[in-house]
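Asker: Input: one structure, supplied below.
The values are calculated or read from the model by the stated rules, or taken from the named source; none is laboratory data. Everything numeric here is computed off the predicted structure, so don't read it as measured data. FYI the Cβ positions are ideal-geometry reconstructions off the backbone, even for glycines, and counts take in every protein chain you see. The protein model used for the area step is the full one, side chains on, heavy atoms only, and it has no ligands, DNA or RNA in it. Shrake-Rupley method; radii C 1.70, N 1.55, O 1.52, S 1.80 Å.
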Amino acid sequence: MTLRTDHVSGAFFIGLGLLVIALSGDLPIGSLSSPGAGFLPNILAFFAILFGIVLVLRARESKPFAELAWDDAKHAVMVTAFIAAAAAAYEWLGFATTAVLLIFALLAVVERRRLLPAAVYSVTLVALTYVLFIYVLKTPLEAGPLGF
């Protein structure tokens, strides 16, 4: 049997779904009318496993894994590194500062966009998201050292 890209992708999503179910096992699921904290993770894990199985079953339609080009690996590593740094800094810097820095870094460093448009886009997107969560959804966000 030839190992194909969809075998690997499907196995990844099946494993991810099983990991989420294992890690969220202590959370109450609740019911449809009153879902608990474990409801959404379990639903998402179920669909990850389901679609992972579909990928594995239809893998013969994908390219062999050995033929996969790794040209974009540097790009993927940079994106992963910036997101990991943002996750680590989130509690310390807060939502607004972390999100602006993350989006700006992804646009300016990874995607090599011009600095001014990247900065304007980052600030605008985070400001709109902040207003949506704080004032419309009335959901608190992690405050940073500047108080927002």
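Asker: Across region 39-54, in residue order, what do the Karplus-derived ³J(HN,Hα) couplings come to in whole Hz, using 6.51 cos²θ - 1.76 cosθ + 1.60 with θ = phi - 60° and x for Gly and Pro?
Answerer: 5, 5, x, 6, 5, 5, 5, 4, 5, 4, 5, 4, 6, x, 5, 4
Asker: Now a separate question. In square angstrom, what is the accessible area per residue of region 1-90 with a 1.4 angstrom probe?
Answerer: Here the per-residue accessible area is 71 Å².
Asker: Right, something else. If you line up the Cα atoms of region 12-73 on their principal axes, what length do they span on each, largest first, in Å?
Answerer: That works out to 47, 24, 16 Å along the principal axes.
Asker: Say R0 is 41 Å: what FRET efficiency, to the nearest 0.05, do Glu67 and Leu19 get from their beta-carbon distance?
Answerer: It comes to 0.90.
Asker: Please list the non-local residues whose amide H lies under 5 Å from the amide H of Arg4, H modeled 1.01 Å from N, same-chain partners needing a gap of 5 or more.
Answerer: Amide H neighbours of Arg4, under 5 Å, 5+ apart: Phe65.
Asker: Using the Cα atoms as the points, what is the convex hull volume per residue of region 35-148 in Å³?
Answerer: 167
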